[in-house]
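Notes for the one structure printed next.
Laboratory data are not the source of any read-out in this text; all were calculated from the coordinates shown. These numbers come from a predicted model, not from an experiment. All Cβ positions, even for glycine, are placed from backbone atoms using ideal geometry, and neighbour counts span all protein chains on display.
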Amino acid sequence: MTNETRELIIIGGGPAGYTAALYAARANLEPLVIEGFAWGGQLMITSDVENYPGYPDGIMGPEMMQDFRRQAGRFGAEFVTDDVTKVDFTEHPFRVWVGDKEHTAESVIVATGASARQLGLESERSLQGRGVSYCAVCDAAFFREKEVVVVGGGDSAMEEAIFLTKFATKVSLVHRRHEFRASQIMIDRARANEKIEFVTPTVVEEVLSENGQTSAVRLRDLDTGELRDVPAHGLFVAVGHDPNTKLFLDQLDHDEAGYLVTKPGSTATNIDGVFAAGDVVDHTYRQAVTAAGTGAMAALDSERWLAAREGHPGTALTAPRPEAAEV
């Protein structure tokens with residue numbers, strides 16, 4: 001089954017994908033957003049969001065993603081709540097499959113995001129957004145004058161632990177080995193912080209709760225097997241992220257970790273007409289606001305690319321501005 005070829009297909013339904021859809025829809029590209037079953041991305045497991053502009057009183061993560069989606073839909077974006085199963089960017093128009101159904105498009109924006117690695121505990125899953133977090137920058141302010149636990153052994157874990165000391169009274173840094181993957185300078189900074197206690201070689205056995213909120217973390221010492229409960233209002237899991245790029249790795253340029261690589265100063269990938277935005281590209285900031293920003297960039301890049309193609313009408317709204325005259 002083949003649908004009429006569209007000007008733009010957006011793969012992914014998070015801050016980047018929905019913002020790209022909003023901009024593309026307002027440029028009359030009538031984008032199709034194949035948002036996936038897990039639409040909304042990591043914000044769907046986030047409770048209060050207080051650092052996104054325009055929500056001065058904060059907002060629940062899922063509610064904010066519904067707002068993003070509704071705004072894009074208002075201007076004509078169409079949605080398919082299913083997962084892309086295969087793509088073919090080797091010929092034009094590009095081909096995108098959802099199961100046996102094929103969609104074709106002149107251009108594609110990949111905005112499939114990244115997934116935070118989890119510990120795999122049932123108690124961890126049940127307490128996501130209730131003390132269990134995967135982003136200190138996002139949630140640290142909720143833990144003022146409280147004790148927290150950070151799990152991980154890389155630079156990200158050290159950075160999260162150090163950042164949390166601006167708010168928490170104590171940070172227990174838990175790692176399964178005595179040695180750390182983190183750079184020595186980050187280890188030294190963490191060790192120099194009097195609020196951080198290193199707990200090694202130790203693993204998290206369970207997240208405990210009271211009244212539906214995280215209250216303690218049960219740790220197991222790998223040398224002795226001893227179990228102990230550490231009081232904690234928050235558990236920050238900092239064991240890495242995985243970009244959702246498996247479908248694209250044989251066609252799009254990517255780094256060693258699987259993040260897509262775009263051209264400098266652009267969201268363009270190595271394939272002309274295919275763009276990438278959000279956490280699928282960004283392993284540095286990983287914020288909703290930065291993902292939304294690159295989503296807007298990808299839509300503008302896509303519209304300008306389409307407008308430059310022979311016979312495409314383009315729009316004056318997004319045409320590049322003339323260079324300022326030299327004085």
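Can you pull the three principal axis extents for the Cα set of region 39-90, in Å, largest first?
Answer, in whole Å and largest first: 45, 25, 19 Å.
Over region 30-130, what number does the Rg to Rh ratio reach, with both radii from the alpha-carbon atoms and Rh per Kirkwood?
Values: Rg = 16.5 Å, Rh = 15.8 Å.
Rg divided by Rh gives 1.04.
May I ask you to order 113-119, 9-15, 128-134 by the average number of other C-beta atoms within 10 Å around their residues, highest value first?
Values: 113-119: 19.0, 9-15: 30.1, 128-134: 22.1.
Output ranking for 113-119, 9-15, 128-134: 9-15, 128-134, 113-119.
Could you please rank HIS233, HIS92, HIS241, placing first whichever residue has the fewest other Cβ atoms within 10 Å of its Cβ? Present the calculation step by step, with values, prior to reporting the outcome.
Values: HIS233 18, HIS92 14, HIS241 21.
Result, fewest neighbours first: HIS92, HIS233, HIS241.
Quick one: what Rg and Dmax do you get for the chain from the alpha carbons, in Å?
So, for the chain, Rg and Dmax equal 22.0, 74 Å respectively.
Relative to the present Cα-Cα distance, how much length would full extension add between GLU122 and GLU63 at 0.36 nm per residue of separation?
Values: separation 59, 0.36 × 59 = 21.24 nm, distance 2.44 nm.
This chain segment gains 18.8 nm when fully extended.
Give the Debye-formula value of log10 I(q)/I(0) at each listed q (0.09, 0.13, 0.20 Å⁻¹), with one equal scatterer per alpha carbon of region 118-237, two decimals each.
Evaluating at q = 0.09, 0.13, 0.20 Å⁻¹ gives log10 I(q)/I(0) of -0.20, -0.44, -1.07.
Springs between alpha-carbon pairs under 10 angstrom, Gaussian network model over the chain: which of ILE185, ILE162, ILE109 fluctuates most?
Taking springs between Cα atoms under 10 Å, the residue moving most is ILE185.
From the phi angles alone, apply the Karplus equation (6.51, -1.76, 1.60; θ = phi - 60°) to region 107-123 and give each ³J(HN,Hα) in whole Hz, x where the residue is Gly or Pro.
9, 9, 10, 9, 9, 7, x, 9, 10, 6, 5, 10, 7, x, 9, 4, 5
As a check on your grasp of the helix formula, calculate [θ] at 222 nm for the chain: sum -39500 (n - 2.57) over DSSP H runs of n ≥ 4, divide by the residue count, round to the nearest 500.
Values: 7 runs with 74 residues, N = 327.
The helix contribution divided over the chain gives -7000 deg cm²/dmol.
Which whole number in µm²/s is D for region 174-313 by Stokes-Einstein, with the Kirkwood Rh taken over Cα pairs at 20 °C and 1.002 mPa s? Please report the intermediate quantities before stating the final value.
Working: Rh = 19.0 Å.
After rounding, the answer is 113 µm²/s.
What residue among ALA288, ALA276, LEU260 has its Cα farthest toward the positive end of the dipole of region 255-308, where the charges are +1 on Lys, Arg and -1 on Asp, Glu, each on the Cβ?
Positive-most Cα among the choices belongs to ALA288.
What ranking of TYR285, TYR18 emerges when the number of other C-beta atoms within 10 Å of each C-beta is taken as an exposure proxy, fewest first?
Lowest to highest Cβ neighbour count: TYR285, TYR18.
As I understand it, the value is the acute angle between the Cα axis of helix 61-74 and the longest principal axis of the Cα atoms of the chain; what does it come to in degrees, rounded to 10?
The two axes meet at around 0 degrees.
Helix 15-26 against the longest principal axis of the chain: what's the angle in degrees, Cα atoms only, rounded to the nearest 10?
Helix 15-26 sits at roughly 20 degrees to that axis.
Applying the Karplus parametrisation 6.51 cos²θ - 1.76 cosθ + 1.60 with θ = phi - 60° to the phi angles of region 195-207, what ³J(HN,Hα) value in whole Hz is obtained for each residue in order, glycine and proline being reported as x?
Once θ is set to phi - 60°, the couplings for region 195-207 become 7, 9, 10, 7, 10, 9, x, 9, 10, 7, 8, 6, 9 Hz.
Using the Cα centre of region 31-142 as the reference point, and only Cβ charges (+1 on K/R, -1 on D/E), how large is the resulting charge dipole? Debye, rounded to the nearest 20. Please report the intermediate quantities before stating the final value.
Values: 9 positive and 17 negative charges, 13 e Å.
That gives region 31-142 a dipole magnitude of about 60 debye.
Once the piece of chain linking ALA257 and ASP155 is laid out straight, how much longer is it, given 0.36 nm per residue of separation minus the C-alpha distance between them?
Details: separation 102, 0.36 × 102 = 36.72 nm, distance 1.52 nm.
Difference between extended and current length: 35.2 nm.
What order do you get for TRP97, TRP305 when you list them from fewest to most C-beta neighbours inside 10 Å?
On the way: TRP97 16, TRP305 19.
Sorted ascending by nearby Cβ count, the order is TRP97, TRP305.
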